Amino acid sequence: MGSLPAFPNDLSPKQGINGLIDERTLANLFKSQQNHLNFFFDRIDHSQTLAFTRTLLDASGTVFFTGIGKSGFVAHKISQTLVSLGIRSAFLSPVDALHGDIGILSDRDVLVLLSKSGATEELLRLVPCARAKGARLIAVTSVEASALSTVCDMNVHLPLERELCPFNLAPVTSTAIQMVFGDTVAIALMAARNLTKEEYAANHPAGKIGKSLIFKVRDVMKKEEELPICSESDLIMDQLVELTSKGCGCLLVIDSDHRLIGTFTDGDLRRTLKASGDAIFKLTVGKMCNRNPRTIGPDAMAVDAMKKMESPPSPVQFLPVIDDENVLIGIVTLHGLVSAGL
C-alpha cells in the first residue's frame, strides 16, 4: 500500500474544508493522485484488456454496463461514450434488473459489471439471473480473486494502490481508474471500427463538432426575400431601407440575370458619406460597391465559411453565396453561423 496523502500536522481534512488548506497541501494531493494513477498504468494487464476489448467489439447484441454507487455512475458514462461512437450499449441498473428490467438481456448481449471490491451484493445477486438469460458476463474489479470475478466468464483487474482519501475509503482513485480504463477501451473500439470523423459527427448533430461537419452553407444561408439586393444603377440613398432592414449589413448588387456584381456595406456607406458629403445623393451603388468580394458556394461546409470570413487581410461579416455561373442564391452571415452553434 502507498503512503497516506501528506496533510500538515496541524491541518486535518475537516479543517481544510473550513478554508485553511494551503497550496503545498493541495499540490501534494495532486501529486499523490498522480502516483496512484501511475501505479495503475504501470501494472494493468494489457492481455486482459485486449480480451475485454475484443469481446465488446465482437458482441452481436448490446453491451450493457452495470454498477452500484459511484461505480454505477462510471458504468453509465462509459456506456454513453460507446453509444456516441455508434456502438449498441446501455446502462442496466442492478436493482431495477432484479425487478423486471433483466428482461432486456439476451444471449447475444454482454454484461459488464463494475465494482471496486468485487463483493457488491446487488451485482452478485444479479449474476445468476443474467447467466440464465445467456448473456456473457465480465467483471471489472480492483480486488483480485474477488467473489464477482470468480462467478463471471471473464475478469479484468484494475490495479489500485489505494484511494487518495486519507482514510482509504472514499472512492476517488478507483473511480478515476475505472473511467480511464473505460474511455481508453472506447477509443480502441473507435479505431477498430474505423469510425470516420463524419460518422462521429453524425452522432452529435446538436453539438459544435457535429454541426461543423454536417452543416453546409445552404443549410444556414439567407435566401430569396431575405436577401438585400439592388442593381448597380440604383442610387445609394434610395437603398438605405434595403441596406438596413434585412439584417445583413450590406447590399448585394446584381445584374438583370441575378449574377453578382459586388457588395456595398454599411461601412462603405459611412466612408462614402464622409468622403462625398452632399454628393452622395447622386452616387449610384454600382459606382461605390466592392466588385471583388469574397464569395462561397452553397455546398461548402459552414465551418469553412466562418474560416473564410476570418481570413486575412481583414475579417468580414458576410459572404455572398453564388453558384458556378456567379448567380446569387444566398448570403451567409457571421451572426447566422454563431446562431447556428458554430
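The values are calculated or read from the model by the stated rules, or taken from the named source; none is laboratory data. Predicted, not measured: the structure shown is a model, and the values here were computed from it. Counting neighbours? That spans all protein chains shown, and the Cβs are built from the backbone with ideal geometry, glycine included. Heavy atoms of the whole protein, side chains included, go into the accessibility calculation; ligands, DNA and RNA do not. Shrake-Rupley method; radii C 1.70, N 1.55, O 1.52, S 1.80 Å.
Taking Asp268, is it in a helix (DSSP H, G or I) and at pLDDT 90 or above?
For Asp268, the condition - in a helix (DSSP H, G or I) and at pLDDT 90 or above - is met.
Considering only residues that are touching a Ser or Thr at 6+ places or on another chain (Cβ under 7 Å) and within 20 Å of Ile78 (Cα to Cα), look in region 137-147 and name the one that is most open to solvent (accessible area, probe 1.4 Å).
Across region 137-147, the extreme among qualifying residues is Ser142.
Consider only pairs whose beta carbons are under 6 Å apart and that are at least six residues apart or on different chains; among these, list those whose first residue lies in region 321-340 and is in the same structural domain as Ala305 (by the TED database) and outside any loop (DSSP other than H, G, I, E, B) and whose second residue is of a type in the set (D, E, K, R) and open to solvent by less than 30 Å² (accessible area, probe 1.4 Å).
none
Quick one: is Leu319 within 29 Å of Ser276 (Cα to Cα), over 26 Å from the mean Cα position of the chain (by Cα) and surrounded by 14 or more Cβ atoms within 10 Å (Cβ to Cβ)?
It is true that Leu319 is within 29 Å of Ser276 (Cα to Cα), over 26 Å from the mean Cα position of the chain (by Cα) and surrounded by 14 or more Cβ atoms within 10 Å (Cβ to Cβ).
Quick one: in region 270-298, which of the residues that are touching a strand residue (DSSP E or B) at 6+ places or on another chain (Cβ under 6 Å) and in contact (Cβ under 8 Å) with a residue 60 or more places away in the chain is surrounded by the fewest Cβ atoms within 10 Å (Cβ to Cβ)?
Pro298
Mind checking which residues of region 179-206 are in a loop (DSSP other than H, G, I, E, B) and modelled with pLDDT under 75?
Across region 179-206, the qualifying residues are Asn203, His204, Pro205, Ala206.
Residues checked against (1) within 21 Å of Val253 (Cβ to Cβ); (2) touching a strand residue (DSSP E or B) at 6+ places or on another chain (Cβ under 8 Å); (3) surrounded by fewer than 21 Cβ atoms within 10 Å (Cβ to Cβ):
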residue: Asp304; (1), (2), (3): no, yes, yes
residue: Asn326; (1), (2), (3): yes, yes, yes
residue: Ile329; (1), (2), (3): yes, yes, yes
residue: Leu334; (1), (2), (3): yes, yes, yes
residue: Leu337; (1), (2), (3): no, no, no
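Tell me the residue from Asn18, Asn9 that is assigned to a loop (DSSP other than H, G, I, E, B) and at pLDDT below 95, please.
Unique residue meeting the criteria: Asn9.
Just name the residue that is modelled with the lowest pLDDT out of those in region 302-317 that are part of a helix (DSSP H, G or I) and not small (Gly, Ala, Ser).
Val303
Cys152 passes all but one of (1) under 30 Å from Leu26 (Cβ atoms); (2) surrounded by 15 or more Cβ atoms within 10 Å (Cβ to Cβ); (3) not polar (S, T, N, Q); which number fails?
Among (1) under 30 Å from Leu26 (Cβ atoms); (2) surrounded by 15 or more Cβ atoms within 10 Å (Cβ to Cβ); (3) not polar (S, T, N, Q), the lone unmet condition for Cys152 is (1).
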